[in-house]
Amino acid sequence: MYAEVKKIVCARMSRITVDIKIESLLRWSSPRRLKTNRGFAILRTASPTERFWKIWSAQKDVLKSQGISVRKNQTTWEVCWWQNDLQDDIESKNAIEASRATSAEIEIPAPL
């Protein structure tokens, strides 16, 4: 009976969803605005804790989808939290809107 209960508990635990609050997950650095290949982004970094590594191994895909990545700087690990730069998004949308033609009435000179 004990083995059956253990199987049920393990099966239920695999379906548990965890609400991860990224802001309080680690001690993040001040946000830095960086130019990337995709435009501007906001980057915060932190040193990983044991608690972070446990969450990372269990919820890696969820964390990645929220902009979390991990890299090794020579001998130490660093956690990066990438976010879209909202100011860059607003400026891009404004530039697109301003570039739209107000009318289609144009005169194209005919060749002589």
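Out of the residues in segment 44-64 meeting the condition of being small (G, A, S) and farther than 17 Å from T76 by Cα, tell me which one is surrounded by the most Cβ atoms within 10 Å (Cβ to Cβ). Among those that are small (G, A, S) and farther than 17 Å from T76 by Cα, it is A58.
Checking each residue in segment 75-112 for being modelled with pLDDT under 90, of a type in the set (S, T, N, Q) and not in a helix (DSSP H, G or I) picks out N84, T102, S103. The residue that is surrounded by the fewest Cβ atoms within 10 Å (Cβ to Cβ), counting only those in segment 65-79 that are under 14 Å from the mean Cα position of the chain (by Cα) and of a type in the set (S, T, N, Q), is S65. Only one of the numbered conditions (1) assigned to a helix (DSSP H, G or I); (2) at pLDDT 90 or above is not met by I42, and that is (1).
The values are calculated or read from the model by the stated rules, or taken from the named source; none is laboratory data. Just so we're clear, the structure is a prediction, and the values are computed from it rather than from any experiment. Quick reminder, even Gly has a Cβ in these numbers, built from the backbone with ideal geometry, and neighbours come from all protein chains shown.
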